[in-house]
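Trainee: Have a look at the structure that comes next, please.
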Amino acid sequence: MSTLGNGGGSSRVALVTGGSRGIGLGCAEALKSSGHRVAITYNTSTPTVAEETGLLAVRCDVTDPSEVDTAFKRVEADLGPVEILVANAGITRDSLLLRMSEESFSAVLETNLFGSFRTVKRAVRPMMRARWGRIVLVSSIVGQTGLQGQTNYAASKSGLVGLARSVAKEFAARGVTVNVVAPGPIHTDMLSGISEERRDEMVSRVPLGRIGTVGDVAGVVGFLTSEEAGYITGAVIPVDGGMHMGNYVG
């Protein structure tokens, strides 16, 4: 697991939404390894891994503004004001467009895009007062390239780029950076559900010749939340093994 992080800087308070597994958990563990005090949010059963690794686990449904506020208050009371936010909470409800219901479309945007909006909005005011903050939104290459059966997911992940860049411009003068990571195919529970044939076909389109790991993403997030990344804001960093190089708007 990567331990890129504060680069010798002071210990910070970090919150990773959707941090009970996969990319979110990997980011939380990397930040913890770098000396930060880290909380994660979850939306179902309490993750036992949090107790094992010393992470503060807080229940939060990011579609509910009151739960977002309550979660932040819990983190603030136990650890202090959130200085690093990794907005990772997300869902999928895949279906071809003509079969996709209004509810499936809105549910994905409500969690992935509106949920990130809520957490960023709640986090940024204390960062602004402190004149220091790091925000990273976890998007996807699908948000840039599109994918059959994922109209809702692609729209939500694409929206994160506009959200991040707008907030980056609003708060740059206050020392708050806002960036996006866009993972490609990564070894997670979501990917494990596809067939071996489909996985092999996916690998064949990755110039580096492999599926990415959670650590690959966590390493980039660790850097973007570090002191050394203070001159990077509004960036979209693909973590996809070169799969879609050149497809990102600068």
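The values are calculated or read from the model by the stated rules, or taken from the named source; none is laboratory data. On a predicted model such as this, the values are computed, not experimentally measured, just so you know. Here Cβ is always computed from backbone atoms with ideal geometry, including for glycine, and neighbour counts include all displayed protein chains. Only protein heavy atoms, including side chains, enter the accessible area calculation; ligands, DNA and RNA are left aside. Shrake-Rupley method; radii C 1.70, N 1.55, O 1.52, S 1.80 Å.
Trainee: Being outside any strand (DSSP E or B), in contact with a Cys (Cβ under 8 Å, 6 or more places away or on another chain) and surrounded by fewer than 22 Cβ atoms within 10 Å (Cβ to Cβ), is that true of even one residue in the stretch 78-90?
Mentor: No, the stretch 78-90 has no match at all.
Trainee: Here's another thing I want to ask about it. Go through (1) surrounded by 22 or more Cβ atoms within 10 Å (Cβ to Cβ); (2) among the hydrophobic types (A, V, I, L, M, F, W, C); (3) not in a loop (DSSP other than H, G, I, E, B) and name the single condition A57 misses.
Mentor: (1)
Trainee: Is it true that L96 is within 24 Å of G184 (Cβ to Cβ), open to solvent by less than 50 Å² (accessible area, probe 1.4 Å) and out of contact with any strand residue (DSSP E or B) (no Cβ under 8 Å at 6 or more places or on another chain)?
Mentor: So L96 does not fit the description; no.
Trainee: Anything in the stretch 102-126 that is open to solvent by less than 50 Å² (accessible area, probe 1.4 Å) and out of contact with any Lys or Arg (no Cβ under 7 Å at 6 or more places or on another chain)? List them, or say none.
Mentor: Hits for the stretch 102-126 are L109, T111, L113, G115, S116, R118, T119, V120, A123, V124, P126.
Trainee: Please find, among L109, L55, L85, L31, the residue that is closer than 22 Å to A168 by Cα and free of Cβ contacts under 8 Å to residues at least 60 places away in the same chain.
Mentor: Selected residue: L109, the only one of L109, L55, L85, L31 that is closer than 22 Å to A168 by Cα and free of Cβ contacts under 8 Å to residues at least 60 places away in the same chain.
Trainee: Only one of V167, V178 is open to solvent by less than 40 Å² (accessible area, probe 1.4 Å), modelled with pLDDT of 95 or more, of a type outside the set (S, T, Y) and in a helix (DSSP H, G or I). Can you tell me which?
Mentor: V167
Trainee: So, P65, is that one of a type outside the set (V, I, T), farther than 23 Å from D189 by Cβ and within 19 Å of the chain's Cα centre (by Cα) or not?
Mentor: Answer is yes for this residue.
Trainee: What are the residues in the stretch 127-139 that are in contact with a helix residue (DSSP H, G or I) (Cβ under 8 Å, 6 or more places away or on another chain) and either modelled with pLDDT under 95 or open to solvent by 40 Å² or more (accessible area, probe 1.4 Å) (or both), if any?
Mentor: M128, R131
Trainee: With the checklist (1) more than 20 Å from V181 (Cα to Cα); (2) touching a Phe, Trp or Tyr at 6+ places or on another chain (Cβ under 7 Å) in hand, flag the one item E67 doesn't pass.
Mentor: (2)
Trainee: If you don't mind, there's one more thing I want to ask. Would you tally the residues in the stretch 188-230 being open to solvent by 20 Å² or more (accessible area, probe 1.4 Å), in contact (Cβ under 8 Å) with a residue 12 or more places away in the chain and either in a loop (DSSP other than H, G, I, E, B) or hydroxyl-bearing (S, T, Y) (or both)?
Mentor: 8
Trainee: Looking only at residues in the stretch 7-45 that are farther than 22 Å from W132 by Cβ and more than 13 Å from the chain's Cα centre (by Cα), which one is most open to solvent (accessible area, probe 1.4 Å)?
Mentor: The residue in question is T44.
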